[in-house]
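The values are calculated or read from the model by the stated rules, or taken from the named source; none is laboratory data. All of these numbers come straight from a predicted model, not from anything done at the bench. We place every Cβ from the backbone using ideal geometry, glycine too, and count neighbours over all the protein chains shown. Side chains included, ligands, DNA and RNA excluded: accessible areas come from the protein's heavy atoms. Shrake-Rupley method; radii C 1.70, N 1.55, O 1.52, S 1.80 Å.
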Amino acid sequence: MHKIYRYRNLSFVVADETEVLLSVEFKSDGDKGHTAINIPGSNDSEIEDSGTQNIGKGSNLRGDTTTVSTEVANLIPEEDEIRIEYRFNGQLIKEHVNLKSEADRATIILFIKFPAP
């Protein structure tokens, strides 16, 4: 079964000149997926499975919402959950967990603002 999980009103305070690194870490054995990052402007990027991507400077991320969308599946019968951590510059911004009895395929969407300090 497939389910969509939305997390709204997330924020990460960042200075204008600070580079922002987004890390996506699949924590459950067998999690496989793809993350699309839609930032203000035309510099969108992607992460395959777990990984880290530079999404730009704080000043370039303001003014509009950044959307991070992960499509993930876990087809290992012995695993009972899907667990993903999202971090900006090493700081945990959101952990998603769902039981596979609820959904063994999931779309996780984060809506994030980057206010100035």
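For THR67, state whether it is touching a residue at least 40 places away in the same chain (Cβ under 8 Å), open to solvent by 10 Å² or more (accessible area, probe 1.4 Å) and within 14 Å of TYR5 (Cα to Cα). Criteria met by THR67. Of GLY41, GLY56, all but one fail to be on the phi > 0 side of the Ramachandran plot and surrounded by fewer than 13 Cβ atoms within 10 Å (Cβ to Cβ); the exception is GLY41.
Residues in segment 21-42 that are more than 22 Å from GLY63 (Cα to Cα) and out of contact with any strand residue (DSSP E or B) (no Cβ under 7 Å at 6 or more places or on another chain): 1 in all.
Considering only residues that are open to solvent by 80 Å² or more (accessible area, probe 1.4 Å) and not basic (Lys, Arg), which ones fall in segment 5-18? Full working, then the answer.
From segment 5-18, those open to solvent by 80 Å² or more (accessible area, probe 1.4 Å) are 6, 8-9, 13, 17; that's our starting set.
Hits for segment 5-18 are ASN9, VAL13, GLU17.
Applying the condition of being touching a residue at least 24 places away in the same chain (Cβ under 8 Å) and polar (S, T, N, Q) to segment 27-64 and asking which residue is nearest to ALA15 (Cα to Cα) yields SER59. The residue that is nearest to LEU21 (Cα to Cα), counting only those in segment 82-94 that are exposed (fewer than 15 other Cβ atoms within 10 Å of the Cβ) and in contact (Cβ under 8 Å) with a residue 24 or more places away in the chain, is ASN89.
Scanning segment 103-117 for residues that are open to solvent by less than 70 Å² (accessible area, probe 1.4 Å) and more than 18 Å from ILE55 (Cβ to Cβ) returns ALA103, ASP104, ALA106, THR107.
Across segment 30-60, the number of residues qualifying as hydroxyl-bearing (Ser, Thr, Tyr) and farther than 20 Å from ARG83 by Cβ comes to 3.
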